[in-house]
1. Could you count how many residues in the stretch 534-559 are surrounded by 24 or more Cβ atoms within 10 Å (Cβ to Cβ), more than 27 Å from residue 605 (Cα to Cα) and among the small types (Gly, Ala, Ser)?
2. Can you name the number of the only condition in (1) closer than 27 Å to residue 76 by Cα; (2) within 19 Å of the chain's Cα centre (by Cα) that residue 596 fails?
3. Test of understanding: among 280, 298, which residue is surrounded by fewer than 21 Cβ atoms within 10 Å (Cβ to Cβ) and out of contact with any helix residue (DSSP H, G or I) (no Cβ under 6 Å at 6 or more places or on another chain)?
4. Could you please find all residues in the stretch 431-450 being more than 18 Å from residue 533 (Cα to Cα) and surrounded by 22 or more Cβ atoms within 10 Å (Cβ to Cβ)?
5. Taking interchain pairs and intrachain pairs at least six residues apart, which have beta carbon atoms under 8 angstrom, with the first residue in the stretch 343-367 and surrounded by fewer than 18 Cβ atoms within 10 Å (Cβ to Cβ) and the second of a type in the set (Lys, Arg)?
6. So in the stretch 166-175, with the set limited to residues that are closer than 29 Å to residue 246 by Cα and in a loop (DSSP other than H, G, I, E, B), which one is modelled with the highest pLDDT?
7. In the stretch 594-641, what residues are within 19 Å of residue 519 (Cα to Cα), in contact with a helix residue (DSSP H, G or I) (Cβ under 8 Å, 6 or more places away or on another chain) and of a type in the set (Val, Ile, Thr)?
8. Evaluate the following for residue 614: is it farther than 21 Å from residue 140 by Cα, of a type outside the set (Lys, Arg) and touching a Ser or Thr at 6+ places or on another chain (Cβ under 6 Å)?
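The values are calculated or read from the model by the stated rules, or taken from the named source; none is laboratory data. Please read all numbers here as calculations on a predicted model, not as lab measurements. Ideal geometry is used to build each Cβ from the backbone, glycine not excepted, and the neighbour counts take in all protein chains shown.
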Amino acid sequence: MSDQISRPTPPWAEKRPISDTHHGITRSDNYAWIRDSNWQRVIRKPETLTADIIEHLQAENQYTAAILKPLKSQIEALYTEMKTRIKANDSSVPIPDGIWLYSRRFRMGGEYPLFYRCLREGGIDHLILDGDREAEGNFYFKLVACKHSPDHRYFAYAADCNGSEIFTLKIRDMDTGEDLPDIISNVHGEVVWAADSLTILYTVLDKNNRPYAVRLHELGTDETDDVEIYKESDPGFFITISKTESQKFLVIKAHDHQTSEAWILEATNPAGNWRCVEPRDTGIEYDITDWNGAFLIRTNIGGAADFKVVSAPFHSPDRENWRDLVSHEPGRLILNTQVFAKHWVRLEHRDACPRLIIQTLSGEEHSVTFDEEAYALGFDKCYEYDTNMLRFIYSSMKTPEQTFDYNMDSRERVLCKEQTVPSGHDPSKYVVRRIEAVASDGARVPISLLYHKDTVLDGSAPLLLYGYGAYGLSMPAGFSTTRLSLVDRGFIYAIAHIRGGMERGYSWYQGGRGVNKINTFKDFITVAEFLISRKFTGRGRIAAHGGSAGGMLMGAVANMKPDLFNTIIADVPFVDVLTTMLDDTLPLTPPEWPEWGNPIEDPESYIRIAGYSPYDNISAQAYPHIYVTAGLTDPRVTYWEPAKWVAKLRALKIDKNILCLKTHMGAGHGGASGRYKRLYETAEMYSFLCYTFQLFGDA
């Protein structure tokens, strides 16, 4: 197999140098031509991509296909194995709302969900929407905004058919099963029903693919008659539309990564005058809902870095009237809230582990506890407000997802559903651990581990180390059926909870963003070296995996410590950071200046980003095996970033290790859309990984 793998000749991208100068510093980019000059058109119509760019991406895809061809039997075996762990006709726990129960299911072997409802007292199931049927004829298909109207007559749904995250909104009459003539294009995917069940509010995209406005549509009218009720003038702020749990208020939220502003309106008066809760103030974030006759606001105001919860009166919700309901406590990160008529619940993080705290009208609190060292926990969807039942989902790296109904009065916990693994799964065969590595500056970096109980911890085991470390997103230590295919083959699976996330509170995020971004990369390297020192694995026995901003991490550590890793998997990697942050026409650039810095206006930001941007720091050295994915219609990490990165790596690296790029020519940021199509791509990635670790022969 070694000879077969080495036969394909990798494609070499033509060098066409283009220079740019900022702050007196000139850069030359040999591969800037891979970016289509009319990328906005390409996102909407991928077939319009310039011919020479198509030729290059297809050459890369053909090379990757040639690399994977000798692994075909292993890919198919892994794919079959992974399929046997997924229930072919899986279904959700029905969600009650009034006289109805709503649920989501998959037909036997289906790719896309089916939406059903039935009467709460019993009766036949009514199919609302058939995802498989709607997807027919599309290589890519994604449904969002699937919401029924308050009177249970209509069902709104929005579909994206090419991965660009540009959705078309439709309305189905659930009584007749037919769609209304109303069709709304260029929707971002945020949709809310007003109380009258005849009015919907939705977010729309500007020419650069940013959600910038909210419009109001009355059923039975033409899209061109829709009224724009909010328009954001700052390209650095994205817009969302939602409704509070009580269904009383509509909420428009404008936000970037460190500042937010909310506008509210009674849901019974969608054409009325919106009120700003509190004008935006740089660095101040807040979320708003209503509870017990007042507004409930989660905020970081007043130095509450890890957030607190305040209340405010309906008639005057500005910050002067905010009163602490749950005071700030350093190290206790309040992530989210969910409210009910007589209770409200907050989801917190302490020491990188989540927990639920329930409070009653009287102010009495209690927590919902769990036994495992590391686990994932979150709210499940709930339609009813006047109920004492909280639904949540729990899992760990060895425990399949469990959906519980929790009586907030009696504190009784009822297991409604446990994720089925049809081929069988015995949690006792696996070990889950939470350990810590100490960074050079004393920061204690949490690590979640999963391995088979028979795995020998003598430094010989291969290890996959996953990391992200950006935007304050915490990586859950939850269950994944696909990981078992690696763990059962002797791999240890590790999650590095590095700075840039919020596992240890807001300061953990601040410690890995902006001027401190280098800590994210150093933490990941620290974790890798710690795992070697503790004999979980050995040098050169580690595979690193990350996607999107985690792909930036992959590119950075590949430049900094290439000999530490055997293989790197970079999904839609954000690797051309400096060039992207210098282009204010791209969808995410202005909103992300608070995250990375603005190199257009600030020379220090320019120099700092240039110092770690993976594309700008490729050098003539040996690199690990690298497997890269991209999406042609991806509006988040544009296809040319990974394509340029691979082209430059090919030109400069001095090793003979495998470097692959697979570009989805009809998909975006998330890759293939169907559940089995995604599974096959994972099987390809894992087969590449196993091959480079010589589990399928010599690489």
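1. 2
2. Evaluating residue 596 over (1) closer than 27 Å to residue 76 by Cα; (2) within 19 Å of the chain's Cα centre (by Cα) leaves (1) as the failure.
3. On the way: 298 fails: surrounded by fewer than 21 Cβ atoms within 10 Å (Cβ to Cβ).
Only one candidate qualifies: 280.
4. First pass over the stretch 431-450, keeping only residues more than 18 Å from residue 533 (Cα to Cα): 431-432, 441.
Correct list: empty.
5. These pairs meet every condition: 350/332; 351/504; 357/346; 360/342; 361/342; 366/411; 367/355.
6. Among those residues, the one meeting the criterion is 174.
7. 609
8. No.
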